[in-house]
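A.B. asks: Below: one structure in structure tokens.
The values are calculated or read from the model by the stated rules, or taken from the named source; none is laboratory data. Everything numeric here is computed off the predicted structure, so don't read it as measured data. Cβ sites come from the backbone with ideal geometry, for glycine too, and all protein chains shown count toward neighbours. To get the accessible areas, we keep the full protein, side chains included, count just its heavy atoms, and leave off ligands, DNA and RNA. Shrake-Rupley method; radii C 1.70, N 1.55, O 1.52, S 1.80 Å.
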Amino acid sequence: RSHDNEVSHQACGIVANLAEAKENQGTMVKRGVVHHLKFAMHGSSSEEVKREALRAIANLSSDPAHTETIIGSGVLIPIVNALSLKDELCQRFAAMAIANLAAAGQHQEKVLQEGALQPLLTIAKRDDADVESRRYALFCLTNIAAAKRTHEEIVTGGLVALATGVARESDDFETRKSAVLCLANLASNGANHVALAEHDTVSVFLENLFEEDRYFCFRSVAGLRGLSTSVDVRTDIITRGLNSLLELSTTDDLEIQHEILTTLCNLSLGGCIGDNPLSFVEAIKMDNLVSFLCSSDATYRLFGAVAIGNIASEVSLQMPVIKSGALNPLIDVGNGADGETQRCIAYALCNLAAEDKNRNAIIRDGGLHPLVALACADETKDRTAGVVALRGLAATSPEARRAVWNAGVKEALILGAAEENLECRRETAVAMSVLALQEENKVD
């Protein structure tokens, strides 16, 4: 608090040095050091004093346990103001401090509210700025992008263009990696997909899929996984990136493999599996999808069910599905899964039941119950699909007709007959007609 700039400069430097030791940080924050540093930044016109005060705060904020206290001290405003100082080291330490503070989700909006976005963008895009200043500015923007509620402002402010350019052109590995992470954060939100597509971020993620740094690779796959939820972007990923994703799907890194398989599951929606569906199935390896299906994680089970169902919608791919041994896991999981996974599995069985040669196996292995559940669903579309599949199975043989009836199809038929939808009533009538061909069913 000295009015002598040199004394204040040296004092702030000592505090900054002491704050480098993590063992000291808790005690320093508890004793109110941040308030003195705030006074030094407010009360001094010396950039040297401000620089050392900012360095001290950057060090103290490196431990997430202290960020709440630091933010509560009101020091954020002078830190944000320091981003616009002419001194590059002031800019760097200010960006470093904000990056640390923005790592905590509850503070990301506050950083934006204090006006940090444009100064950070300016530092990150300046060619004449030193590497570390640009790096920390981008770290900060990447941390802010981790919160979906900040996306509208930062995308409108120009972050997509900046991060895409840095990911393509920066010579600094850490800065490029942060740019890819930033884009992956934005790709997790469908509202950003148009902006990301306009800047061709698909190519950015594809270019970094095979980076030796596994975190870099993982974030590139995560970016593609986010974009793959968009109908408009799926075709682009298939066209340019399917072979690379399939090649990487055999990695020994389970976390990366799961991200890739999730991406491929998304791409399989609507039949987006390329010009040669058989090569897709051969490369992805059905065993991997079956392992998804049998996962203890409900999300992975759902993805596995969706992908297998989509693959089974292609008649030419049904034999590989059956040969992979996927039928039994489908049925086992379908008889005990959550509602949405059970529904997806029932649709997979509907697709498989369209082929005569699969029907006996579906009946024999217990596939009737998921189909009956689908035929009793609330949605007309689901009911119709279930009844159609059951009708097809019942047409296989007298034994099949009896098995379908014994599986509890009566409720589904009652619901279908009472449906307002003509197609559903028609399919229900045909199913009843087929079932009535079996002698025991007539009595029942």
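A.B. asks: Can you name every residue in the range 294-322 that is open to solvent by 60 Å² or more (accessible area, probe 1.4 Å), part of a helix (DSSP H, G or I) and touching a Lys or Arg at 6+ places or on another chain (Cβ under 9 Å)?
C.D. replies: Met319
A.B. asks: For residues that are closer than 24 Å to Ser249 by Cβ and of a type in the set (A, V, I, L, M, F, W, C), tally how many sit in the range 170-196.
C.D. replies: So the count comes out to 6.
A.B. asks: Output the residues belonging to the range 287-322 that are free of Cβ contacts under 8 Å to residues at least 24 places away in the same chain and more than 22 Å from Leu254 (Cα to Cα).
C.D. replies: Passing the criteria: only Met319.
A.B. asks: Looking only at residues that are touching a Pro at 6+ places or on another chain (Cβ under 8 Å) and more than 16 Å from Gly408 (Cα to Cα) in the range 341-385, which one is most open to solvent (accessible area, probe 1.4 Å)?
C.D. replies: Among them, the one singled out is Gln342.
A.B. asks: Could you check Thr156 against (1) of a type in the set (Val, Ile, Thr); (2) closer than 24 Å to Glu88 by Cβ; (3) over 19 Å from the mean Cα position of the chain (by Cα) and say which number it fails?
C.D. replies: Tallying (1) of a type in the set (Val, Ile, Thr); (2) closer than 24 Å to Glu88 by Cβ; (3) over 19 Å from the mean Cα position of the chain (by Cα), Thr156 fails exactly one: (2).
A.B. asks: Can I ask one more? Name the single residue that is modelled with the highest pLDDT among those in the range 99-141 being among the basic types (Lys, Arg) and over 25 Å from the mean Cα position of the chain (by Cα).
C.D. replies: Arg134
A.B. asks: Among residues belonging to the range 1-31 that are of a type in the set (Asp, Glu) and in a helix (DSSP H, G or I), point out the one that is nearest to Met96 (Cα to Cα). Even if it seems obvious, please write down each step before you answer.
C.D. replies: Step one: filter the range 1-31 for residues of a type in the set (Asp, Glu), giving 4, 6, 20, 23.
Narrowing further to those that are in a helix (DSSP H, G or I): 6, 23.
Working: Glu6: 24, Glu23: 20 Å.
Top of the filtered list is Glu23.
A.B. asks: Here is a follow-up. Name the single residue that is most open to solvent (accessible area, probe 1.4 Å) among those in the range 54-87 being outside any helix (DSSP H, G or I) and of a type in the set (A, V, I, L, M). So that I can check it myself, show each step before the final result.
C.D. replies: Quick first cut of the range 54-87, residues outside any helix (DSSP H, G or I) only: 61-63, 73-75, 83-87.
So of that shortlist, the ones also of a type in the set (A, V, I, L, M) come out as 75, 83, 85.
Values: Val75: 1, Leu83: 4, Leu85: 40 Å².
Selected residue: Leu85.
A.B. asks: Which residues, taken from the range 398-438, are open to solvent by less than 30 Å² (accessible area, probe 1.4 Å) and either of a type in the set (Ser, Thr, Tyr) or in contact (Cβ under 8 Å) with a residue 60 or more places away in the chain (or both)?
C.D. replies: Of everything in the range 398-438, just one residue is open to solvent by less than 30 Å² (accessible area, probe 1.4 Å) and either of a type in the set (Ser, Thr, Tyr) or in contact (Cβ under 8 Å) with a residue 60 or more places away in the chain (or both), namely Thr428.
A.B. asks: Another question about this same structure. From the residues in the range 36-47 that are part of a helix (DSSP H, G or I) and either free of Cβ contacts under 8 Å to residues at least 40 places away in the same chain or touching a Leu at 6+ places or on another chain (Cβ under 9 Å) (or both), which one is farthest from Gln106 (Cα to Cα)? Reasoning before the result, please.
C.D. replies: Applying the first criterion (part of a helix (DSSP H, G or I)) to the range 36-47 yields 36-43, 47.
Then keep just the ones that are either free of Cβ contacts under 8 Å to residues at least 40 places away in the same chain or touching a Leu at 6+ places or on another chain (Cβ under 9 Å) (or both); that gives 36-37, 39-42, 47.
Working: His36: 25, Leu37: 23, Phe39: 25, Ala40: 27, Met41: 25, His42: 25, Glu47: 30 Å.
The extreme case among them is Glu47.
A.B. asks: Using beta carbons and a limit of 8 Å, which pairs, at least six apart or on different chains, have the first residue in the range 252-265 and in a loop (DSSP other than H, G, I, E, B) and the second one among the basic types (Lys, Arg)?
C.D. replies: Short answer, once both residue conditions are applied: Asp253/Arg214.
A.B. asks: Right, another one. Just to be sure I understand the filter: pairs with C-beta atoms under 7 Å, separated by 6 or more residues or on different chains, first member in the range 348-359 and in a helix (DSSP H, G or I), second member polar (S, T, N, Q) and open to solvent by 40 Å² or more (accessible area, probe 1.4 Å). Which pairs pass?
C.D. replies: Correct list of pairs: Asn351/Ser313; Arg359/Thr396.
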